[in-house]
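K.L.:
I am attaching a structure below and will ask some questions about it afterwards.
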């Protein structure tokens, strides 16, 4: 992420948005279970909120510095931070009750790698487990924020089919309101 984007994603303003808007909308009343995976926590604002909601949380982060800082901050808690690429996760099959992914899929460098990541999430989820996430819809302001970032927008219109192709048994995608939508949420079931 560029410096401005990282600053925003670590801000108190974003923390409030995560806790009061994004997570409640994404979770939509779903129970997360006993062993939750968070893919791409970045600075870890979602991690902090999720850790209060579940008995055990594993956060997998590809960026070395972000993973180290989050591991240090979460030391002694119910969170394990793993520095790894989510397209080839070091976890056994069917380990997690739920997986989450918040506003990070567009940072995966290609649609093929996004699909590989989703397939890996499917692999590490238990039967009946749910993959829950939110991502952004591109706009001129959004592109400005992502200047110089790795940024490959995810088309919500095609996401359900992509989730089914990688092995989920069902999936739903919903745009935010009011119009024009700024985000979309998804849930895919193993």
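The values are calculated or read from the model by the stated rules, or taken from the named source; none is laboratory data. Not measured: the values here are computed from a predicted model. Please note: Cβ atoms are built from the backbone with ideal geometry, for glycine as well, and neighbour counts cover all protein chains shown.
K.L.:
Kindly list the number of the only condition in (1) crowded, with 17+ Cβ neighbours inside 10 Å; (2) in contact with a strand residue (DSSP E or B) (Cβ under 9 Å, 6 or more places away or on another chain) that fails for residue 172.
P.N.:
Condition (1) is where residue 172 drops out.
K.L.:
Another question about this same structure. Please go through the stretch 103-124 and give me each residue that is over 15 Å from residue 159 (Cβ atoms) and touching a strand residue (DSSP E or B) at 6+ places or on another chain (Cβ under 8 Å), ordered by number.
P.N.:
Answer for the stretch 103-124, where residues must be over 15 Å from residue 159 (Cβ atoms) and touching a strand residue (DSSP E or B) at 6+ places or on another chain (Cβ under 8 Å): just 124.
K.L.:
With the requirement that a residue be at negative phi and touching a strand residue (DSSP E or B) at 6+ places or on another chain (Cβ under 9 Å), what does the stretch 128-144 give you? Show your work before the answer.
P.N.:
Taking the stretch 128-144 and keeping what is at negative phi, we get 129-144.
Hits for the stretch 128-144 are 129, 130, 131, 132, 133, 134, 135, 136, 137, 142.
K.L.:
Looking at the stretch 177-190 only, could you name the residues that are modelled with pLDDT of 95 or more and within 21 Å of residue 18 (Cα to Cα)?
P.N.:
Within the stretch 177-190, 183, 184, 185, 186, 187, 188 meet the criteria.
K.L.:
Same structure, new question: Considering every residue within the stretch 51-62, establish whether at least one is surrounded by 21 or more Cβ atoms within 10 Å (Cβ to Cβ) and under 16 Å from residue 186 (Cβ atoms).
P.N.:
no
K.L.:
Would you check which residues across the stretch 14-46 are part of a helix (DSSP H, G or I), free of Cβ contacts under 8 Å to residues at least 60 places away in the same chain and closer than 22 Å to residue 151 by Cα and list them? Step through it out loud before you land on a result.
P.N.:
Taking the stretch 14-46 and keeping what is part of a helix (DSSP H, G or I), we get 14-27, 45-46.
If we keep only those that are free of Cβ contacts under 8 Å to residues at least 60 places away in the same chain too, we end up with 14-17, 19-21, 24, 45-46.
Listed by number, the residues that qualify are 14, 15, 17, 45, 46.
K.L.:
List pairs: first residue in the stretch 149-175 and on the phi < 0 side of the Ramachandran plot and touching a residue at least 60 places away in the same chain (Cβ under 8 Å), second residue part of a helix (DSSP H, G or I) and buried (at least 19 other Cβ atoms within 10 Å of the Cβ) anywhere in the structure, Cβ distance under 8 angstrom, at least six positions apart or on different chains.
P.N.:
Filtered contacts from the stretch 149-175: 149/107.
K.L.:
Let me ask something additional. For residue 65, are the conditions met, namely being at pLDDT below 95, farther than 21 Å from residue 35 by Cα and in a helix (DSSP H, G or I)? Give the steps one after another, and end with the answer.
P.N.:
Working: at pLDDT below 95: no; farther than 21 Å from residue 35 by Cα: yes; in a helix (DSSP H, G or I): yes.
No.
K.L.:
Here is a follow-up. Within the stretch 71-86, identify whether any single residue is modelled with pLDDT under 95 and either touching a helix residue (DSSP H, G or I) at 6+ places or on another chain (Cβ under 7 Å) or not in a helix (DSSP H, G or I) (or both), and answer yes or no. Full working, then the answer.
P.N.:
Applying the first criterion (modelled with pLDDT under 95) to the stretch 71-86 yields none.
No, the stretch 71-86 has no match at all.
K.L.:
Restricting the search to the stretch 116-151, which residues are touching a helix residue (DSSP H, G or I) at 6+ places or on another chain (Cβ under 6 Å) and exposed (fewer than 14 other Cβ atoms within 10 Å of the Cβ)?
P.N.:
Of everything in the stretch 116-151, just one residue is touching a helix residue (DSSP H, G or I) at 6+ places or on another chain (Cβ under 6 Å) and exposed (fewer than 14 other Cβ atoms within 10 Å of the Cβ), namely 150.
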